[in-house]
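Quick notes on the structure that follows.
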Amino acid sequence: MDVVEFLLARLGEDEQVARAIDSKQLDSGWSASYNQFGLADTPPGWYITPHIGLAYEEEGARHIERFNPERVLREVTAKRALIKSTIKRIEEGWGYHGNEGIICADLRPMAEVYSDHPDFTSIVWE
């Protein structure tokens, strides 16, 4: 598997997960707020709106709020554009040290985000 195939597959997974949760929400925009009394039968804590659960630490709530589905989808679009731009430069002969130079310089950092994925070690860096 080459790095482009690997990245496009991971971005497809990210997009699928983001769209799945986003389709379950009636409103857009995510926020986190602390409720010291809890809600119904739940304890005090940080609640994510739209309701997806309870986080006991503010840092966890802020992380969930920040990486909401809309942001993930924008990030997927941006990364796909960078991959497309890299492929175009290779096709136009802009390579330095062959195509490997462009791929390693431009796409390796993006792929390393997914270094915990089982297919990461099978990437052919050419």
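The values are calculated or read from the model by the stated rules, or taken from the named source; none is laboratory data. Keep in mind the model is a prediction, meaning the values are calculated, not measured. Don't worry about glycine lacking a Cβ; one is built from the backbone with ideal geometry, like all the others, and counts go over all protein chains shown.
Kindly provide the set of residues from segment 89-126 that are among the charged types (D, E, K, R), at pLDDT 75 or above and outside any helix (DSSP H, G or I), ordered by number. Of everything in segment 89-126, those that are among the charged types (D, E, K, R), at pLDDT 75 or above and outside any helix (DSSP H, G or I) turn out to be E92, D116, D119. Applying the set (1) at pLDDT 75 or above; (2) surrounded by 15 or more Cβ atoms within 10 Å (Cβ to Cβ); (3) hydroxyl-bearing (S, T, Y) to Y47 leaves exactly one unmet item: (1).
May I ask you to say which residue of I64, I83, I21 is at pLDDT 85 or above and within 17 Å of the chain's Cα centre (by Cα)? Talk me through it step by step, then tell me what you get.
Values: I64 fails: at pLDDT 85 or above; I21 fails: at pLDDT 85 or above.
Exactly one of I64, I83, I21 is at pLDDT 85 or above and within 17 Å of the chain's Cα centre (by Cα), namely I83.
Cβ-Cβ distances below 9 Å connect the following pairs, each with a first residue in segment 70-94 that is free of Cβ contacts under 8 Å to residues at least 12 places away in the same chain, a second residue that is of a type in the set (V, I, T), and a separation of six or more residues or different chains: W94/I102.
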